[in-house]
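Below is one structure, written out as structure tokens; the observations come after it.
The values are calculated or read from the model by the stated rules, or taken from the named source; none is laboratory data. Worth saying up front: this structure is predicted, and the values here are computed from it rather than measured. As a convention, Cβ positions derive from the backbone with ideal geometry for all residues, glycine included, and neighbour counts pool all protein chains shown. Heavy atoms of the whole protein, side chains included, go into the accessibility calculation; ligands, DNA and RNA do not. Shrake-Rupley method; radii C 1.70, N 1.55, O 1.52, S 1.80 Å.
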Amino acid sequence: MTPPAGDRDPAHTPVRVLLCDDHAVVRAGLLALLSSAPGIEVIGEAGDGEEAVALAAALRPDVVLMDLQLGSGIDGIEATRRIAGLTGRDAERDAAHGAEREVQRDAERGVDREAQRDAERDSGRDVAGRGAPHVLVLTTYDTDADINRAIEAGATGYLLKAERPEELFSAIRAAAAGRSTLSAPVAHRVLAQMRSPRPGLTDRELDILGQLARGLSNREIARALFISEATVKTHLGRIYDKLGVDTRAGAVSVAKEQRLLP
């Protein structure tokens, strides 16, 4: 029987990690780096969000190292939300999907996944009995919006890729034990938000945000709301500041996450 994460002895039970990054070179670098860390074992790699969810359900790692921007398909935030909620029937369904993808990938790489699962069962580490993996975000993005969305989605920790290897190793072990870890700049931003929370959006800003979600240009928004383009730009700047974003797409995405749009 696998000991609880908090009782894990790294010397005897390695932390099982699943990597998720859409860049093969980055995954290769992380694999090489983590292979040098005692008590950490990489058991799988995913190149997109859907694959990460499927493999997390099938392999039940202790920690999923998750990037946020994953190209096409679901992003790291949505993948984190799904992985953090892996229980019951959803887990069985995703595990079945993950098994199909594993067979295809492993056939190409010559990996005997069935033998690996047999070995895990023999050692009392059957993946079927594991709880939801902990997700540790590893990204280059440190905007307030990204941080908030990741934490709300269920991420256990949030690290920047500029961290030293020792910090990454420590964060992975902490995540496996259910402890939160934040990079220093991220922790600073979180504390700053708590000390000085952003004011809510005004009715006019919500109106403009709604038009923005429809894909209208500044000129079209001005015409629709009977205001000047300059006024639209001013309101957009305030909306960006309040939502912690710097793009139109980012504003719409965060607004949907926070249910600011109908």
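Couple of notes before you dig in:
- Cβ-derived FRET efficiency at R0 30 Å, Lys233 paired with Ala24, nearest 0.05: 0.15
- Shown for region 147-259: the carbon plus sulfur share of the solvent-accessible area, taken with all protein chains present and a 1.4 angstrom probe, equals 50%.
- Ser180/Gln69 FRET efficiency (R0 25 Å; Cβ-Cβ; nearest 0.05): 0.65
- Å² of accessible area per residue within region 192-262, as computed with a 1.4 Å probe and no ligands counted: 63
- Förster radius 35 Å - calculated FRET efficiency between Glu257 and Phe226, Cβ distance, rounded to 0.05: 0.75
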